[in-house]
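Novice: This is the structure, below, for whatever I ask next.
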Amino acid sequence: MAPAARGATVIPDRVVARIAVRVAGAALRRLLGPRHSRTDLAAPGARVTTYGGTAQLALSVDLPYPADIAVTCRQLQREVGERVAQLTGLDVRDVTLTIRRLATAGGPDRVR
């Protein structure tokens with residue numbers, strides 16, 4: 001393992017990933033609002049690679065359908081990148097987003 005740069009704090013990738021998962025979950029709840037509270041969405045997942053004070057995040061999320069997927073994804077990427085950077089002091093260069101599945105909103109009371 002290479003020595004850390006002078007004065008730099010080394011945060012393990014798994015810790016940054018946990019932070020990213022929590023931030024992504026909070027951001028999704030805020031972005032989607034109460035209208036999707038009955039949707040069966042799994043918790044976000046994250047993989048992180050850090051090197052020399054920078055981080056690359058890979059998030060996997062479930063999203064409700066119908067929703068504006070493109071707008072939600074852009075906002076989620078921006079918010080998670082900014083918040084993880086604030087919390088860790090890392091320069092978040094990239095937030096890749098994978099949508100695992102689209103969950104139909106409405107639950108069992110949904111009428112066709």
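Novice: I want to check the label-to-label distance for ALA26 and ILE69. Put each point 7 Å from Cα in the C-beta direction and report it in nm to one decimal.
Specialist: Those two pseudo-labels are separated by 2.8 nm.
Novice: For the stretch 13-103, what is the relative contact order in percent, using Cα pairs closer than 8 Å and at least 6 residues apart in sequence?
Specialist: Computed value for the stretch 13-103: 34 percent relative contact order.
Every number here is computed from the coordinates shown, using simple stated rules; none is lab data. It should be emphasised that the depicted structure is a prediction, and the values quoted were computed from it without experimental measurement. Cβ coordinates were reconstructed from backbone atoms using ideal geometry, including for glycine residues, and neighbour counts include every protein chain displayed.
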